[in-house]
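Enquirer: Structure below; questions to follow.
The values are calculated or read from the model by the stated rules, or taken from the named source; none is laboratory data. Computed from a prediction, not measured in an experiment: that's the story for all the values here. Glycine gets a Cβ as well: all are built from the backbone with ideal geometry, and neighbour counts include every protein chain shown.
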Amino acid sequence: MIEITNLEKIYNTRKQTMKAVKSLNITIREGEVLGIVGESGSGKSTLGKMIVGLEAPTSGTITYKGKPLWKKNKYERTRPGEIQTVFQDPQSSLDPRMRVRDIIKEPLHGLPKPERKEKGELERLIQLIKRVGLKEEHLDRFPHEFSGGQRQRIAIARALITDPSFIVLDEPTSALDVSVQAQVLNLLKELQKERQLTYLFISHNMAVIRYMCQRVAVMYKGEIVEVGETQKVFEHPEHPYTKKLLSSVLSVNIESYV
């Protein structure tokens, strides 16, 4: 689905030049959950931002279903809403002045009017809000009236409203406590199977990556140093940095909190 070739992102400041992503090559297969894991500053979120169009690559290519996503520093969507994202902090990613119904419908503004009208129908909104574990009456409330886990469910509903095929999940549960984290992860798993979605799941939490992902890529200082099937990487890590990450993992069984 996504082919990334020789991708680089360089930030220039007055004092220094920083390579956030260096000559990165990776493929994301249709229908899989690919995990990107690494410590803070490794370039994980920068990679996600380039895929969804929030940051322009300095060089290299990102193709989606064979077509380049970036042309001359301009982001080229194949279809509005085809690629979506769920951010780390549900509190800051939801506009506090907007009601939940308007937050969820906001991505529809990029669609043609007939499609916008169809996807924004009240019945569809009700079905969607219930599917993510909330209630119909929640549509008329504001974000501050919800818990962190509920806000993230609203963010997930917002990402789903356009019927995307690919979603970048950037640390979607790191701001939540473990029990709520498990519920949201299970919801994401169920939605991925139901809607045949492809996920890029970004996290620093190896236990979460192991639970969610079929394949995992390990990033270190802007580079992917190891990639493979999740079970193989966890049981037989090859790169010293991967071994270091695994040695610091707390043994947490996500399923036990559901």
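Enquirer: Scan the stretch 116-125 residue by residue and report those that are surrounded by 16 or more Cβ atoms within 10 Å (Cβ to Cβ) and in a helix (DSSP H, G or I).
Expert: Arg116, Lys119, Leu125, listed by residue number.
Enquirer: Which condition number in (1) in contact with a strand residue (DSSP E or B) (Cβ under 8 Å, 6 or more places away or on another chain); (2) free of Cβ contacts under 8 Å to residues at least 12 places away in the same chain; (3) on the phi > 0 side of the Ramachandran plot is the one that Lys72 fails?
Expert: (1)
Enquirer: Still on this model: Please work out if Glu55 is surrounded by 13 or more Cβ atoms within 10 Å (Cβ to Cβ), touching a Lys or Arg at 6+ places or on another chain (Cβ under 6 Å), among the acidic types (Asp, Glu) and more than 25 Å from Gln196 (Cα to Cα).
Expert: yes
Enquirer: Give the number of residues within the stretch 120-157 that are over 20 Å from Pro96 (Cα atoms) and in contact with a Gly (Cβ under 6 Å, 6 or more places away or on another chain).
Expert: Adding up the residues that qualify gives 0.
Enquirer: Among the residues of the stretch 30-74, count how many are under 27 Å from Thr242 (Cβ atoms), out of contact with any Leu (no Cβ under 6 Å at 6 or more places or on another chain), part of a strand (DSSP E or B) and hydrophobic (A, V, I, L, M, F, W, C).
Expert: 3
Enquirer: Among the strands (runs of 3 or more DSSP E) confined wholly to the stretch 193-245, which include 3 or more residues that are of a type outside the set (Asp, Glu) and crowded, with 17+ Cβ neighbours inside 10 Å?
Expert: 198-203, 215-220
Enquirer: Continuing with this model, one more query. Could you check, for the stretch 104-112, whether at least one of its residues is assigned to a loop (DSSP other than H, G, I, E, B), within 21 Å of Ile154 (Cα to Cα), touching a Ser or Thr at 6+ places or on another chain (Cβ under 9 Å) and not acidic (Asp, Glu)?
Expert: Yes; the residues of the stretch 104-112 include at least one that is assigned to a loop (DSSP other than H, G, I, E, B), within 21 Å of Ile154 (Cα to Cα), touching a Ser or Thr at 6+ places or on another chain (Cβ under 9 Å) and not acidic (Asp, Glu).
This table checks each residue for (1) at pLDDT 95 or above; (2) of a type outside the set (S, T, N, Q).
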{"residue": "Phe87", "(1), (2)": "no, yes"}
{"residue": "Gln91", "(1), (2)": "no, no"}
{"residue": "Leu111", "(1), (2)": "no, yes"}
{"residue": "Arg116", "(1), (2)": "no, yes"}
{"residue": "Glu121", "(1), (2)": "no, yes"}
{"residue": "Phe146", "(1), (2)": "no, yes"}
{"residue": "Gln152", "(1), (2)": "no, no"}
{"residue": "Ile167", "(1), (2)": "yes, yes"}
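Enquirer: Can you pull out the residues in the stretch 102-119 that are among the charged types (D, E, K, R), in contact with a Gly (Cβ under 9 Å, 6 or more places away or on another chain) and in contact (Cβ under 8 Å) with a residue 24 or more places away in the chain?
Expert: Passing the criteria: Lys105, Lys119.
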